[in-house]
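See below for the structure under consideration.
The values are calculated or read from the model by the stated rules, or taken from the named source; none is laboratory data. What you are looking at is a predicted structure, and each value in this text was computed from that prediction instead of being measured. Neighbour counts run over all protein chains shown; Cβ positions are idealised from the backbone, glycine included.
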């Protein structure tokens, strides 16, 4: 056995153990991207660098064996900076979107490509489940939203954008009137209470997500009907029964609503005493409206950036109370975000800003790249919905027009996780000219996008270990090296036996399954 010290902690491991494995045995986390226990190892990513205390030298922990008396540091400033540099170098050649442009420009940040894939395969219940992770009132927004997401749709570079809002509406309408409407599993009651002043799209959305997280919500509405400014939309565009239906679903999650309740300064003081948090979602601030002593700017109530916290502790404000907007989806998105912030606040007593995850992006497609993205979609023209919305057939056809610009491994991608953890800048080592994007589709439900590859070599080692006739190999030299199939054969021959195995092991979205969604 060999005894060494890692971060001042004594560790004893068998001779021949790598420093990375020794750290792991001591529950000390050292990140790596090129390491796999399924095959022999060689160093490539340089994310696992640690420091030898005696020499001050940085070395790759995944391929360096331990020795007696060794002393290692894994987490000082220099090692952290080395990992940041390694990740930024990897990202400089990583051409791919973590999230599709349509999702990035959606104010509610809905996972649009995943919804499209589920509708395309006829799994409407799962599609609605995906929608309601980010949008509490999809039947409403599917009718009135001006569809900013469609402005980001890359399909419009080819012909016309995918009809995203109509598809969202279809997924919701398919559930309306069902005896067993979609309701996610509720968290256990937290014993915490949240008051929401206002029942417009912002207040309703916040109520839905807070209730799902186990907090008891009470909505206070000054009118005799719930809906806020949604009530001012004509029945032609938003039928009253649709609004009532979606409100009833929110109430079915346990939210309470108190109608004909005008909250004045005195009433607000009582809410402060009775509730653990308050959300002000009173709509556009008009002359003479009570704002409960909260600080006000030129457009509306002033809040802290990215946290919605007002000038009073435990009081948050969202929606048109901040600034007037005609996009209900923006208010709905803020309702979701503030629910996450308040959930953390009720658990920790700390108000933290809403955190967006790291998202790699590369911009517009070139003419050459259209054919690669169209491999993953239908060539049908955009379907047009009537007053009644899409039929099932039209919805499935339209959903199949999606070019799936997102990554199929957004949750398991190690590159994204580490970039998020270390707050990486994708642009530090970027060049003006990027690599072209290409997609190779395997019959076994795997897509290979070489432009996302970081050349970790895991797929090369695995196809060799499983004795693929052709397998994957490194092609070219120097900066031009890339991973491809031996003898320029196609991906079908290269991954004849190991398609699912290498897709699961890939630390990025370069090799990914598309027949088994990891996010469902």
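Table: residues versus (1) under 18 Å from residue 112 (Cα atoms); (2) in contact with a helix residue (DSSP H, G or I) (Cβ under 8 Å, 6 or more places away or on another chain); (3) surrounded by 13 or more Cβ atoms within 10 Å (Cβ to Cβ).
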{"residue": "302", "(1), (2), (3)": "no, no, yes"}
{"residue": "317", "(1), (2), (3)": "no, no, yes"}
{"residue": "341", "(1), (2), (3)": "no, no, yes"}
{"residue": "373", "(1), (2), (3)": "yes, yes, yes"}
{"residue": "388", "(1), (2), (3)": "no, no, no"}
{"residue": "398", "(1), (2), (3)": "yes, yes, yes"}
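Of all residues being farther than 15 Å from residue 316 by Cα and out of contact with any helix residue (DSSP H, G or I) (no Cβ under 6 Å at 6 or more places or on another chain) in segment 187-214, which is surrounded by the fewest Cβ atoms within 10 Å (Cβ to Cβ)? Just the residue, please.
Filtering segment 187-214 for residues that are farther than 15 Å from residue 316 by Cα and out of contact with any helix residue (DSSP H, G or I) (no Cβ under 6 Å at 6 or more places or on another chain), the one surrounded by the fewest Cβ atoms within 10 Å (Cβ to Cβ) comes out as 188.
Determine whether segment 216-224 contains at least one residue that is under 33 Å from the mean Cα position of the chain (by Cα) and within 22 Å of residue 327 (Cβ to Cβ).
Yes, segment 216-224 contains at least one residue that is under 33 Å from the mean Cα position of the chain (by Cα) and within 22 Å of residue 327 (Cβ to Cβ).
I need the full set of residues from segment 145-168 which are more than 14 Å from residue 101 (Cβ to Cβ) and surrounded by fewer than 19 Cβ atoms within 10 Å (Cβ to Cβ), in order please.
Correct list: 146, 159, 160.
Can you name the residue in segment 218-235 that is free of Cβ contacts under 8 Å to residues at least 40 places away in the same chain and touching a helix residue (DSSP H, G or I) at 6+ places or on another chain (Cβ under 7 Å) and is also surrounded by the most Cβ atoms within 10 Å (Cβ to Cβ) among such residues?
219
When you scan segment 89-96, do you find a residue that is surrounded by fewer than 23 Cβ atoms within 10 Å (Cβ to Cβ) and either within 23 Å of residue 332 (Cα to Cα) or assigned by TED's automatic domain parsing to the domain that holds residue 371 (or both), even just one?
Within segment 89-96 (the criterion being surrounded by fewer than 23 Cβ atoms within 10 Å (Cβ to Cβ) and either within 23 Å of residue 332 (Cα to Cα) or assigned by TED's automatic domain parsing to the domain that holds residue 371 (or both)), the answer is no, since none of the residues qualifies.
Is it the case that segment 287-298 has a residue that's free of Cβ contacts under 8 Å to residues at least 24 places away in the same chain, buried (at least 22 other Cβ atoms within 10 Å of the Cβ) and assigned by TED's automatic domain parsing to the domain that holds residue 227?
no
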